[in-house]
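Colleague: Below is the structure I would like to discuss, written out as structure tokens.
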Amino acid sequence: FFGLVMVLLFYRGNIMSKVNIVTFGTILISWLSILEHYLLNSCMLIDIFIRRLFFVPPRIEIYYISFFNKNNYTYWSHNKLGQLFSEYMLDEELSFFVGNKLIGIKGLNANIGFIIEGLVSFGYIGVIIHSVIIGFILAFIQSLKVNNRYFGLFIIMIYLFNTSFLTTLFATHGFLFL
């Protein structure tokens, strides 16, 4: 549903008008959040959009970085493919381990994006490997010469890069079928 909304929102106009929509939309939601807080004593907009997009991911990433700077990397053993080469060292899935044990919220699935997953997996070398993989994906998508009417889908793709493990991108978010 969200993909359809994004395609419809960005279907018309040139690339600059679409960048302006994103910029104006972010500013508008920010101001509406402030008004909502002062007029209605509510924080729904700021919680759903601003905090979730701009503040929660970096905070979660700090927990990952702090833990894995002091402990061994996972060597991609947190996914099924990596477990073929390395034994997984934690007692639960990586994102739940961080949510439950490090952040301290039972049942929290503290997902992260591909850059921090690379760091957790193999340090800075993992970041480079993940960045090269995403670079190939972006180069392939660019080679398809997708009409800029579908700019909204690109925004969704960037969001997924920022909030998903690399294997999840391929296995369940459809990037394997590109």
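The values are calculated or read from the model by the stated rules, or taken from the named source; none is laboratory data. If you're wondering where the values come from, they're calculated on a predicted model, not measured in any experiment. Here the Cβ positions follow ideal geometry from the backbone for every residue, glycine too, while neighbour counts run over all protein chains shown. These accessible areas exclude ligands, DNA and RNA; they are computed on the full protein's heavy atoms, side chains included. Shrake-Rupley method; radii C 1.70, N 1.55, O 1.52, S 1.80 Å.
Colleague: Could you sort 26, 74 by their accessible area in this structure, using a 1.4 Å probe and putting the largest first? Write out the running numbers ahead of the final one.
Modeller: Values: 26 55, 74 0 Å².
So, going from the largest accessible area down, we get 26, 74.
Colleague: Which lysines have a Cα lying under 30 Å from the Cα of residue 18, excluding residues fewer than 8 positions away in the same chain?
Modeller: 145
Colleague: Would you mind working out the magnitude of the charge dipole of the stretch 26-136 relative to its Cα centre, with +1 at each Lys and Arg C-beta and -1 at each Asp and Glu C-beta, to the nearest 20 Debye?
Modeller: On the way: 7 positive and 8 negative charges, 27 e Å.
Dipole size: approximately 140 debye.
Colleague: Related question: Students often check this: by mean Cβ neighbours within 10 Å, which of 45-53, 94-102, 17-25, 141-149 ranks highest, and how do the rest follow? Before the final figure, lay out each step's value.
Modeller: On the way: 45-53: 15.0, 94-102: 19.2, 17-25: 13.1, 141-149: 10.7.
Listed from highest to lowest mean packing, they are 94-102, 45-53, 17-25, 141-149.
Colleague: Between 0 and 90 degrees, rounded to the nearest ten: what's the tilt of helix 114-143 against the longest Cα principal axis of the chain?
Modeller: 50 degrees
Colleague: Can you tell me, using C-alpha contacts under 8 Å and at least 6 residues apart, the relative contact order of the chain as a whole percent?
Modeller: Details: 166 pairs, mean separation 47.0, N = 178.
About 26 percent, as a whole number.
Colleague: So what is the relative contact order of the stretch 1-97, in percent, for Cα pairs below 8 Å that sit 6 or more residues apart?
Modeller: This gives 12 percent for the stretch 1-97.
Colleague: Here's another thing I want to ask about it. Not counting ligands, DNA or RNA, and with a 1.4 Å probe, what is residue 117's accessible surface area in Å² rounded to the nearest 10?
Modeller: Looks like 0 Å² after rounding.
Colleague: Right, another one. From the helices alone, meaning DSSP H stretches of at least four residues, give me the mean residue ellipticity at 222 nm for the chain, per-run term -39500 (n - 2.57), in deg cm²/dmol to the nearest 500. Write down the numbers at each step before the final one.
Modeller: On the way: 7 runs with 102 residues, N = 178.
Helices in the chain give a 222 nm mean residue ellipticity of -18500 deg cm²/dmol.
Colleague: What do you reckon, how do 8, 169 stack up by accessible area (1.4 Å probe), largest on top?
Modeller: Working: 8 120, 169 0 Å².
Result of the area sort, largest leading: 8, 169.
Colleague: Now for a different question. Pick the calculated Cα Rg over 2.2 N^0.38 Å for this structure from (1) 1.44; (2) 1.17; (3) 1.34?
Modeller: Computing Cα Rg over 2.2 N^0.38 Å and matching it to (1) 1.44; (2) 1.17; (3) 1.34 gives (2).
Colleague: Tell me, what HN-Hα J-couplings in whole Hz come from the Karplus equation 6.51 cos²θ - 1.76 cosθ + 1.60 at θ = phi - 60° for each residue of the stretch 63-80, using x for Gly and Pro?
Modeller: Each residue of the stretch 63-80 in turn: 4, 4, 4, 4, 5, 7, 6, 9, 10, 5, 6, 7, 6, 6, 6, 6, 10, 4 Hz.
Colleague: Report residue 129's accessible area, 1.4 Å probe, all protein chains in place, as a number in Å² to the nearest 10.
Modeller: So the heavy atoms of residue 129 present about 70 Å² to solvent.
Colleague: Taking Cα atoms, how many degrees apart are the long axis of helix 151-163 and the longest axis of the chain, rounded to 10 and kept between 0 and 90?
Modeller: Helix 151-163 and the main axis of the chain meet at about 30 degrees.
Colleague: Just need the relative contact order of the stretch 80-178 here, percent rounded to a whole number, with Cα pairs under 8 Å and 6+ apart.
Modeller: Once divided by the residue count of the stretch 80-178, the mean separation gives 24 percent.
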